[in-house]
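Notes follow the structure.
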Amino acid sequence: MVSLRLKAGSATDVGLVRSNNQDQYLMAEPVFAVADGMGGAAAGEVASSIAVSTLGDEVSRRAGPLTQDLLVEAARSANRAIWQKSIAHSEMRGMGTTLVAAALIDDDRLAVVNVGDSRLYSMRGDVFQQVTVDHNLVAELVAEGRISKEEGQVHPRRNIMTRALGVEPEVEVDVFVEAARPGDRFLLCSDGLPRELSDDRISGILRRLSEPSAAAKELVHEAKRHGGNDNITVVVLDVHEEESPPHSFEARGVEVSGAVPPADSAALPTLGAAHPRDSLTPAAGPTATGPDSADENTKLLSVLDINARTQANASREHRPSQRKASVVTLRVAAFIAAFIVIVAAGAAGVWYYARSAYYVGIRGNALVVYQGRPGGVLWIEPTLNHVSSVTTGQVLQASLPSLHSGVEEPTVAAADSFIANLAALYQKSQTAALPPPTTPTATTAPSTSTTSNAQSPTSTSPTTS
Ligand code: CA
């Protein structure tokens, strides 16, 4: 018996910007899927892992033919498993994931379930188009005709997702059913692919490379080459005829990207009829291509009906970048604070040095005491402390050059004492009727910058040190 089968190829890559890959893919014939997790720390990886593992488990455990209803129920089970994990682990609160999954049903149709903004495209002959509709605020505004596709591409809220698995106890799952014929090709991908490559470039690669694995690898490679701003995950499915039963009840060749934690079966609710069919989105044919992928680095969750919890999740999604911004701000603040302290300490040191001394100088014909250093220090000029009663005519002429330069003393009292000594020395020379010395001598010119020298009656010619 000739029946349809899917030949699959896959590839995933962390990209060039992100530090971890939160995407997961599932290749567990008859079901294939891509999940794009979101959430702080490693929560996004956990969410996408639970999504694909739960989906694979539910499909492999089925007791009859695979149907679109079973796929929808499997997606809902995945939603509940993620939700329960997140409420049981506070560090994972708010995690979520997209999920797009496809499987052949009824031998000639492809059933597709979708939540979020991962996509399924179909390619038949020359026609390449997006089948799924992104659960994205801007995509919905475009679909409703409220904004144009061009406006959507620059819309400030283009990174707001409106639906995801795991952020609510229950989730609405879109389902599409596509006719499947030999030669048809389907592409599942996370948004990291279309945000980097146009539809034309994607379809060009799909036409050029006939081997699904080669096409998948090339798509990921090209998306990286064009920016790689997000994780990139691709599954390429080729419909072909094969002489075998189309589906066995066991999943074959299960391949899951990344490290998928074992499904916590005990925590999973059993499948049943708890969810009426009428809540399903009706099956639809191929839809118009949505807007190009939003130019976001972080996927946000939000719901148009302003659900408070989902909004809280959205802010949680913002936290990593906010945390980074806070760290940067703190570092800058710390640097500025340290700089100010260093500058202030330096200024204080200069100020202390400049103002902690006194010197004797000449103003007019009087000997005066200044506070500060002779000539000043940087911007700090000396200031007049007081004018003494001694004039330049009452000191030895040999002392005048050093007085013009300024003779430093540690205190006001020491400066006054130095002036008194100069006057006394002059008096002594007069009363002794000795001819006053006209030049200083090296051997009798000790440093006068200390109080003891200034107080020494033997000092004849103080000089600045
Ligand atoms: Ca993504």
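Bear in mind these aren't lab numbers, they're just calculated from the coordinates by the rules spelled out. Computed from a prediction, not measured in an experiment: that's the story for all the values here. Cβ sites come from the backbone with ideal geometry, for glycine too, and all protein chains shown count toward neighbours.
Here are some notes:
- Taking the average, over residues, of other Cβ atoms within 10 Å as the packing measure, peptides 51-59, 341-349, 4-12 rank 51-59, 4-12, 341-349 from highest down.
- Principal axis box of segment 355-432, alpha-carbon based, largest edge first, Å: 46, 21, 16
- Segment 1-144 - Kirkwood radius from inverse mean 1/r over Cα pairs (Å): 16.2 Å
- Scoring 369-376, 137-144 by mean Cβ neighbours within 10 Å over their residues and listing the highest first yields 137-144, 369-376.
- Per-pair calculated FRET efficiency, R0 = 30 Å: Ala432 and Ser389 via Cβ, rounded to 0.05: 0.85
- Scoring 80-91, 192-203, 104-115 by mean Cβ neighbours within 10 Å over their residues and listing the highest first yields 104-115, 192-203, 80-91.
- In percent, rounded to a whole number, the relative contact order of segment 355-432 is 34, using alpha-carbon pairs under 8 Å and six or more apart.
- Taking the centroid of alpha carbons for each part, segment 1-61 and segment 349-407 are 85 Å apart.
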